[in-house]
Amino acid sequence: MDFPSELRRQAAVVERGLDQYLPPADTRPARLHEAMRYSLQAGGKRLRPVLVLATADLFAAQLGAALPAAVAIECLHTYSLIHDDLPCMDNDDLRRGQPTAHRQFDEATALLAGDALLTHAFALLAESYAAQPVLAHALIRELADAAGSRRLIGGQMADLLAEKKDATPAELEFIHLNKTAAMIEAALVLGGLVGGADAAAIATLRRAGHELGLAFQIMDDVLDATADGATLGKTPGKDAKAGKTTFVKLHGLAASRQLAQAHSAAARAAFRELPGDTAFLVALVDSLVIRSS
Ligand code: GRG
């Protein structure tokens, strides 16, 4: 398998899906729909939707069946980025190499574009899988749990609270498991559900997502401390400046890199327990630990 070209192929499928499943930019009110498309189509690695497609593929899901679920999770992820960048949160000017939504439009439009992307994610699941109500229910429930107050939003709240003090390693783990790993885990589970994976395989996917999510976040901390803004597409060094506790602050750079390697090895091992050809997923794990953005 040629990993870079397979990744490009899957990411291109995602790009087409985003265009297909989002309301056209001239939908009334056009400013809102333009803002939704602006943030969604500003680039991004498309990690979560590619994980949905690749996992569904593993279980030989019908071609194209996983695309609405892949688009839904990217809509939800993008909403979280838009809101995270707002002045009341991280107050950032740069995201995905472009001005953040509130810089490009205005704060109220950015807030509403985030709200609309969040809502659209669930509408898309409900509509696209309406003919398979059991699957639709499972997908909606999975994404809602991962994005809710106990996981993504809870992780973000804990992150904001931790800015005021030094977080303990346990607090940092809570933040990362929920702010980062929850959506990566959900991507794998959505793909598994579309592919009809059984309960044991879903449990293995959750374990892989947990490990991959931690590896991904640790590398995010390493890159925040070491890479430049042009490479990252967002403002680097913000965590350190804000006095935030990160893996790098707690463990140092070398130990953080080792920790990321250990979690990615655990993710690879979990993927190898699954049926089918896991070469792409294993290579994707490897690429995330050596990534530069
Ligand atoms: C506002 C509810 C709410 C949540 C915000 C996404 C997020 C939570 C915060 C952004 C800051 C951050 C470091 C989050 C951890 C997850 C993460 C590394 C997100 C960035 O994901 P990438 O690197 O982004 O996959 P692209 O742009 O490539 O999609």
### Message
I'd like to check something: does segment 185-204 contain any residue that is within 12 Å of the ligand (Cβ to nearest atom) and either among the acidic types (Asp, Glu) or within 26 Å of residue 261 (Cβ to Cβ) (or both)?
### Response
yes
### Query
How about segment 47-76: which of its residues are touching a Leu at 6+ places or on another chain (Cβ under 7 Å) and part of a loop (DSSP other than H, G, I, E, B)?
66
### Task
Please determine, by comparing only the residues of segment 239-275 that are modelled with pLDDT under 80 and surrounded by 14 or more Cβ atoms within 10 Å (Cβ to Cβ), which one is farthest from the chain's Cα centre (by Cα).
240
### Message
Conditions first: (1) crowded, with 20+ Cβ neighbours inside 10 Å; (2) more than 16 Å from the ligand (Cβ to nearest atom). Residue 179 passes all but one, so which condition is the exception?
### Response
(2)
### Task
Name the residue, out of 114, 44, that is within 14 Å of the ligand (Cβ to nearest atom), in a loop (DSSP other than H, G, I, E, B) and under 28 Å from residue 206 (Cα atoms).
44
### Query
Filter segment 163-175 for residues that are touching a residue at least 60 places away in the same chain (Cβ under 8 Å) and crowded, with 18+ Cβ neighbours inside 10 Å; which is farthest from residue 288 (Cα to Cα)?
167
### Query
When you go through (1) within 11 Å of the ligand (Cβ to nearest atom); (2) under 24 Å from residue 19 (Cα atoms); (3) hydrophobic (A, V, I, L, M, F, W, C); (4) over 16 Å from the mean Cα position of the chain (by Cα) one by one for residue 124, which number turns out not to apply?
(1)
## Note on the structure
Across segment 77-95, the tally of residues that are under 13 Å from the mean Cα position of the chain (by Cα) and either in a loop (DSSP other than H, G, I, E, B) or under 30 Å from residue 277 (Cα atoms) (or both) stands at 2
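Residue by residue, here is whether (1) touching an Asp or Glu at 6+ places or on another chain (Cβ under 9 Å); (2) assigned to a helix (DSSP H, G or I); (3) farther than 27 Å from residue 2 by Cα holds:
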| residue | (1), (2), (3) |
| --- | --- |
| 196 | no, no, no |
| 214 | yes, yes, no |
| 225 | yes, yes, yes |
| 231 | no, yes, no |
| 239 | yes, yes, yes |
| 249 | yes, yes, yes |
| 256 | yes, yes, yes |
| 265 | yes, yes, no |
| 268 | yes, yes, no |
### Task
Output the residue which, of all residues in segment 59-77 that are touching a helix residue (DSSP H, G or I) at 6+ places or on another chain (Cβ under 7 Å) and more than 16 Å from the ligand (Cβ to nearest atom), is modelled with the lowest pLDDT.
61
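The values are calculated or read from the model by the stated rules, or taken from the named source; none is laboratory data. Since this is a predicted model, take the numbers as computed values, not measurements. Methodologically, a virtual Cβ is constructed for each residue, glycine included, from the backbone with ideal geometry; neighbour enumeration extends over all protein chains shown.
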